[in-house]
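None of the figures in this text is laboratory data; all of them are computed from the coordinates on show. Just so you know, these numbers come straight off a predicted model, no measurement behind them. Cβ sites come from the backbone with ideal geometry, for glycine too, and all protein chains shown count toward neighbours.
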Amino acid sequence: MSFDRERLAGFLGAGAVEAWQPPSAAFAGFLPVGTTVALPQDVEQVQECLRFAARERLRVLPAGSMEHLHVGGVPGAIDFVLSLRRLNCVLEYEPEDLTMAAEAGVTLHEIARRSGAAGQRLAPSPWPGVAATLGGACAANRSGSCRASTGTLRDAVLGCKVVHADGSMTRSGGKVVKNVSGYDLPKLYVGSMGSLAMFTEINVRLVPCPEASAVVQVRLPLISARNKLLTTHRGTLRPAALVVVHSPGVHGNVQLLARFEGRESVVRAQAEACAREWGGEVLAAAADTWEAVERHAEPRPDAMVLQLASLPVGVCDLLTAVADTCGNDTSAVALFGVGTCSVQLPRAQASSLEALQQRLATCGGSLRRIEDPGGEWLAPPAQLPALQFELKALFDPESRLRPALFAHAEGES
C-alpha cells in the first residue's frame, strides 16, 4: 500500500524522513531502493509512527542501523522502515552494579567504549560491524564465538521498554540482576526480530573484562580435529570457546582455535597446556585471528550464509556434510560445545542446498536458516511450533510489524 511520506515528515520533521539505501553491497535487493525510512528522535515519535501505521494499515519494518536485518529473512511487502538509530543515549550506567540502561539506537561500539573505561564489557560479543545497535543485536539475539561461556544477549538483558504495533508502550523486567517481578517478557522479545514489538530502551548486565586472553591454533585433518576436541572437552582445560574453521580451497584439513580468558597466570598455563596437548601454538596476533572468526557470519554480496545446527559436540559432522555436498570452495566456522555452524556458500553453489539438507538429516544436523539479504531465499521449510504463530497473533494481531516467519526458530535461541 502506497502512502505520502510527507505525512510522516509532518510530525517527525523534514530531516527525519529519508529514502532507503543498502547499508552494504550485500543488502542490494533486500528492499526497493527509495523505500521510506522514518527516523524518530524520541519514544513519543516512535509511538506516533506506529499509531499512524495502524490508522493507515501500513506495514512497518523495525530497524536500527540495519546491519542485523538479514537474520530474519527478506521481509516482503513493507511500506516504511522505522529506524531507531537516533535514539542513541546511554541513560544510566552503574559500574558498581555492573548494569547499563541504554536506548535501542546506542551502538555496540559505544557500549564497549563506555563500559571498557571502567574495565567492564557486555558478556556476549556479537560482531559490532560499522554501527550495529544494541536494539538490532537484541532483536536478532546475536552472540559471539564465545557463546558457550558467555551466552547470548537473551542472557544479558535484564529489562526493557518496548512500543507495540498499536503505539502503546510497556516496560518489563528491571534494572538489576535480582529481579523477579512478573513474567520475563524480555526473554520473549529478544530474538523476535521486531515481529512482536520494538525495543526503545534496554537494560543489560555487564561483566568484568578478563585480565588476559590467549588463542591456541593447530591445523589438522578433520577426523583428528574431532578427537582433539573431545579430549579437550572431557579434560581439565576450560576454554572460553572452541572453534573449528574450514577455509576455501583447503581439502581435508581444518583449523582448530581455543580461546582462554581470565587471570593472566591461569590463561598462560591453560594456553600452554592446550598447545602441548594439540601440538599447536599460542598465537601472537590472536586479536586479528579472532576478529576474522567473529565477522565470518556477516553477509557478503557473492555468497549466502547458511546457519546449521547439531548436537553441541557434533559440529565436525556438519563440516563433513558441507565438504561432501558443497565442495571445498565454501568457508565455515563451527562452535564446538554450542552445536552451530556458519557457512559462506557461493551463490554459484546454490544448487547443492537440497543435497546438503538430505545429508544433514543423516548425521543429526539441520539447516536452520539461510541469510541472503540480496536474494529471495527463505529459511528451509519446517514445521514451526504453533505457539510462535499464536504469539504473533497475540502481540501483533493485524501483522503490522515485520512478519519474521522464522524468528524464534533460529539457532541463537
*Restricting attention to segment 1-68, which chymotrypsin sites (Phe, Trp or Tyr not before Pro) occupy a DSSP loop and are surrounded by at most 16 other Cβ atoms within 10 Å?*
Phe3
_Angle in degrees between helix 222-234 and the longest Cα principal axis of the chain, rounded to the nearest 10_ = 80 degrees
_³J(HN,Hα) computed for each position of segment 71-77 - Karplus, 6.51 cos²θ - 1.76 cosθ + 1.60, integer Hz, glycine/proline x_ = 5, x, x, 5, x, x, 6
_Distance between segment 85-152 and segment 196-271 - C-alpha centres, whole angstrom_ = 21 Å
_Run the paramagnetic zone check for Ser149: 7 angstrom along Cα to Cβ, then residues of segment 324-349 with backbone nitrogen under 16 Å._
335-338
*Assigned charges on the beta-carbon of Lys, Arg, Asp, Glu; the chain dipole about Cα centre (debye)*: 620 debye
*In debye to the nearest 20, how big a dipole does segment 90-209 give about its Cα centre with +1 on each Lys and Arg Cβ and -1 on each Asp and Glu Cβ?*
280 debye
_Normalised contact order of the chain, rounded percent, pairs of Cα under 8 Å and 6 or more residues apart_ = 17 percent
*Would you please give the residues with an amide H less than 5 Å from that of Gln120, counting only those at least 5 places away or on a separate chain, with H modeled from the backbone geometry?*
Cys209
*Which of Ala102, Gly327, Ala214, positive extreme of dipole for the chain (C-beta unit charges)*: Ala214
*Just going by the charge dipole of segment 90-209, with Lys and Arg at +1 and Asp and Glu at -1 on Cβ, which of Gly151, Ala165, Gly194 is farthest out on the positive end?*
Gly151
*Divide the volume of the convex hull of the Cα atoms of the chain by its number of residues and quote the answer in cubic angstrom per residue.*
141 Å³
_Residues whose placed amide H lies under 5 Å from that of Val254, excluding near-sequence neighbours_ = Leu220, Leu222
*Show the residues, 5+ positions off or on another chain, whose built amide H is closer than 5 Å to the amide H of Val313.*
Gly337
*For segment 29-107, state which GluC sites (Glu not before Pro) are in a DSSP loop and have at most 12 other beta carbons lying within 10 Å of their beta carbon.*
Glu96
*Karplus couplings for segment 16-31 from phi (6.51 cos²θ - 1.76 cosθ + 1.60, θ = phi - 60°), rounded to Hz, Gly and Pro as x?*
9, 10, 9, 9, 5, 10, x, x, 7, 4, 5, 8, 4, x, 5, 9
_Under a crude label model (7 Å from the Cα following the beta-carbon direction), how far is Asp329 from Glu6 in nanometres?_
5.1 nm
*Longest segment of the chain with no trypsin sites (Lys or Arg not before Pro) in a DSSP loop having at most 13 other Cβ atoms within 10 Å?*
58-177
_Only four residue types carry charge here, +1 at the Cβ of Lys and Arg and -1 at the Cβ of Asp and Glu. Report the dipole size of segment 298-379 about the Cα centre in Debye, rounded to the nearest 20._
160 debye
*What do you get when you divide the Cα radius of gyration of segment 90-209 by 2.2 N^0.38 Å, with N the number of residues?*
0.97
_For segment 359-364, Karplus couplings with θ = phi - 60° (6.51, -1.76, 1.60), whole Hz, Gly/Pro x_ = 5, 4, 5, 7, 10, x
